[in-house]
Amino acid sequence: MQKRVWEHKNKVVEGFTKKYNIDRLVYYELTDSVETAINREKQLKRWHRDWKINLIKEMNPEFKDLSTDWE
């Protein structure tokens, strides 16, 4: 997971994080498999923005960058 976060923070990966200059990890979930992770990501992408914000607030109410201790 650390490698993936590094790729996003350094804008190596094309997509949402690079396009909108997103540089904080405010939410994540651990899964048992890549397939489960992909399915969950697809599910979350269909959610309304306010649902996603509420999910983040449950885990990280201050929207702190959860990856700061990883570097």
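Where a number appears in this text, it was derived from the coordinates with a stated rule and is not lab data. Note that this is a predicted model, so its numbers are computed, not measured. Note that we place each Cβ from the backbone using ideal geometry, even for glycine, and neighbour counts take in every protein chain shown.
Which of the residues belonging to the range 36-62 are within 13 Å of the chain's Cα centre (by Cα), closer than 18 Å to PHE16 by Cα and surrounded by 10 or more Cβ atoms within 10 Å (Cβ to Cβ)? Before you say what the answer is, go through the steps one by one.
So the first thing to find is which residues in the range 36-62 are within 13 Å of the chain's Cα centre (by Cα), and the list is 37-38, 40-42, 44-45, 52-53, 55-56, 59-60.
Still in the list and also closer than 18 Å to PHE16 by Cα: 37-38, 40-42, 44-45, 52-53, 56.
Scanning the range 36-62 gives ALA37, ILE38, ARG40, GLU41, LEU44, LYS52, ILE53, ILE56.
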Subset of the range 1-30 (residues that are at positive phi and surrounded by 12 or more Cβ atoms within 10 Å (Cβ to Cβ)): LYS11
Matching option when the condition is of a type in the set (S, T, N, Q) and surrounded by 13 or more Cβ atoms within 10 Å (Cβ to Cβ), among SER67, SER33: SER67
Any pair with Cβ under 9 angstrom, 6 or more apart, that starts in the range 29-45 at a residue that is without any contact (Cβ under 8 Å) to a residue 12 or more places away in the chain and ends at one that is part of a helix (DSSP H, G or I) and of a type in the set (D, E, K, R): GLU29/ARG40; THR31/ARG40; LEU44/LYS52
